[in-house]
1. Could you list, in sequence order, the residues of the stretch 165-186 that are surrounded by 14 or more Cβ atoms within 10 Å (Cβ to Cβ), modelled with pLDDT of 85 or more and over 15 Å from the mean Cα position of the chain (by Cα)?
2. In this structure, does residue 51 turn out to be more than 17 Å from residue 158 (Cβ to Cβ) and surrounded by fewer than 21 Cβ atoms within 10 Å (Cβ to Cβ)?
3. Among the residues of the stretch 16-23, is there at least one that is at pLDDT 90 or above and assigned to a helix (DSSP H, G or I)?
4. Hey, among the residues in the stretch 70-89 that are part of a helix (DSSP H, G or I) and touching a residue at least 60 places away in the same chain (Cβ under 8 Å), which one's surrounded by the fewest Cβ atoms within 10 Å (Cβ to Cβ)?
5. Looking at residue 142, is it modelled with pLDDT under 80 and loosely packed, with under 11 Cβ neighbours inside 10 Å?
6. Anything in the stretch 1-15 that is within 15 Å of residue 129 (Cα to Cα) and in a helix (DSSP H, G or I)? List them, or say none.
7. Given the conditions (1) in a loop (DSSP other than H, G, I, E, B); (2) under 21 Å from residue 85 (Cα atoms), which single one is not true for residue 50?
8. One residue is enough: does the stretch 104-121 have a residue meeting the conditions surrounded by 14 or more Cβ atoms within 10 Å (Cβ to Cβ), in contact with a strand residue (DSSP E or B) (Cβ under 9 Å, 6 or more places away or on another chain), within 24 Å of residue 74 (Cα to Cα) and at pLDDT 90 or above?
């Protein structure tokens with residue numbers, strides 16, 4: 001219950017900061033995860049979203065994050081290696097060239113036409129959940145996919161037993177959340193959006209002021 005209540009509060013903060021669309025939300029989540037990693041142990045994480053994603057998901061920098069991605073993929077009947085691969089290239093895909101597909105300008109790399117790429121949906125939802133957020137709060141329209149996700153681990157490492165014992169979270173994600181529609185001439189997406197030049201803001205990650213409690217799972221989320 002506390003995890004869900006805090007997710008609602010963080011959602012309101014994200015809305016106020018302009019982290020509404022997929023790319024801005026992913027940047028915010030990567031910033032948060034990088035901040036949590038630094039709390040657990042000092043480590044150098046690139047400031048660019050793509051660099052941060054590559055480092056955080058390399059398997060050695062934040063083992064608990066990779067374990068959570070793999071376990072969540074298996075729990076939802078997906079290939080864990082494919083979900084991890086989608087997570088690693090997700091930001092680059094969101095920033096890549098837009099191609100004409102259904103539902104507006106969605107990067108073709110994100111979805112396997114004509115069906116949505118479920119592995120991408122899982123990867124995105126897991127990263128959002130690991131950052132203490134509920135992906136179901138960020139898009140109300142469109143077809144919704146129900147996922148089986150658990151409370152993220154709080155430490156640097158997580159065993160399969162740790163992940164299996166964590167409480168379940170009610171998680172849905174709208175396919176429309178990953179549809180990056182043209183912004184009608186707008187070049188920015190709010191904080192962390194297209195106007196940032198691809199760099200993560202040096203500002204404090206959401207809730208990082210809580211110290212060690214900001215780590216995923218134990219961060220009062």
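The values are calculated or read from the model by the stated rules, or taken from the named source; none is laboratory data. Model, not experiment: these values are computed from the prediction. No Cβ is skipped: glycine too gets one built from the backbone with ideal geometry, and neighbour counts run over all protein chains shown.
1. 166, 169
2. Yes; evaluated as a whole, the condition is true for this residue.
3. Checked the stretch 16-23: no residue is at pLDDT 90 or above and assigned to a helix (DSSP H, G or I).
4. 75
5. It is false that residue 142 is modelled with pLDDT under 80 and loosely packed, with under 11 Cβ neighbours inside 10 Å.
6. Matches in the stretch 1-15: 2, 3, 4, 5, 6, 7, 8, 9, 10, 11, 14.
7. Exception for residue 50: condition (1).
8. The answer is yes; a qualifying residue exists.
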